[in-house]
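Please treat every number below as a calculation from the coordinates, not as lab data. None of these values were measured; they are calculated from a predicted model. Cβ placement follows ideal geometry from the backbone for every residue including glycine, while neighbour counts extend to all protein chains displayed.
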Amino acid sequence: MKSILRPAFVLFAALTVICCVLYPYAVTGIAQLAFAGEAEGSLVQRDGKTVGSTLIGQAFSSPNYFWGRPSATGPMPNNAALSSGSNLGPTNPALVDAVKGRIEALKAADPDNTAPVPVDLVTASASGLDPEISVAAAHYQAGRIARERKLAVEEVRSLIDLHSETPSLGIFGEPRVNVLALNLALDQKR
């Protein structure tokens, strides 16, 4: 019995040290060296205060800010600890009702806007934490932002274009805009 238990405990202890101590420290150290900003959460600082992360969406609800994708993270929007999909299929009445309600809210916030509502403004992403919206979703909101901030619509549109990102490696994804970066740029226009 001793000949079986001793090697099992030694292997257990060795693997515990390797997998639970050495490996995490090595990966964290490499990440700190190679990707310092990302390893620290891609936090955005303004005037010495953390205002958000470029990787996690934030709930902007004021009409003078761009709004991001709806969050599916439960009672607290954009809570990374509650990240999960909504698991509602396209024929689910709860999803249909939620989308209708979001469309009504967008139309109420900007009644003069007759453009079709971009889908990413009314549906949550798989994680519920998207920090970005499509360029079309940003342009859809340009009129409301311009009116609320007393700016020319073209000024807001050029700010959107300035902050637009192309697909990763030119082929992965769609053109997009980081909502936090765009809203911070709007605040600097005051």
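Using alpha-carbon pairs under 8 Å, 6+ residues apart, how would you state the relative contact order of the chain in percent?
20
Summary of packing: across the peptides 152-158, 181-187, the per-residue average of other C-beta atoms within 10 Å ranks them, highest first, as 181-187, 152-158.
The protection proxy used here, the mean number of other Cβ atoms lying within 10 Å of each residue, ranks peptides 126-134, 64-72 as follows, highest first: 64-72, 126-134. Rounded, prolate or oblate: which one fits segment 1-40, using the alpha carbon gyration tensor with axes a ≥ b ≥ c (rounded when a/c is under 1.5, else prolate when a/b beats b/c, else oblate)? Prolate, because a/c is 1.5 or more and a/b exceeds b/c.
Between helix 135-149 and the chain, what is the angle of the helix's C-alpha long axis to the longest principal axis, kept within 0 to 90° and rounded to the nearest 10? On a 0 to 90 degree scale, this one is about 60.
Rg/Rh for the chain (Cα atoms only, Rh after Kirkwood) is 1.15.
Taking the longest Cα principal axis of the chain as reference, the axis of helix 2-17 is set at about 30 degrees.
Magnitude of the charge dipole for segment 1-157, about its Cα centre and with charges confined to Cβ atoms of Lys, Arg (+1) and Asp, Glu (-1), is about 420 debye. Straight-line cross-link reach from residue 107 at under 18 Å between alpha-carbon atoms covers these aspartates and glutamates, not counting any fewer than eight positions away in the same chain: 97, 120, 148. Given R0 = 41 Å, the distance between the Cβ atoms of residue 13 and residue 36 translates into a calculated FRET efficiency of 0.80.
For the chain, the longest principal axis of the Cα atoms and the long axis of helix 153-163 meet at an angle of about 20 degrees. Close amide-amide hydrogen proximity is noted between residue 44 and 51, 52, 53, 54, each under 5 Å apart and 5 or more residues distant or on a separate chain (H modeled in the peptide plane; Pro and chain starts excluded).
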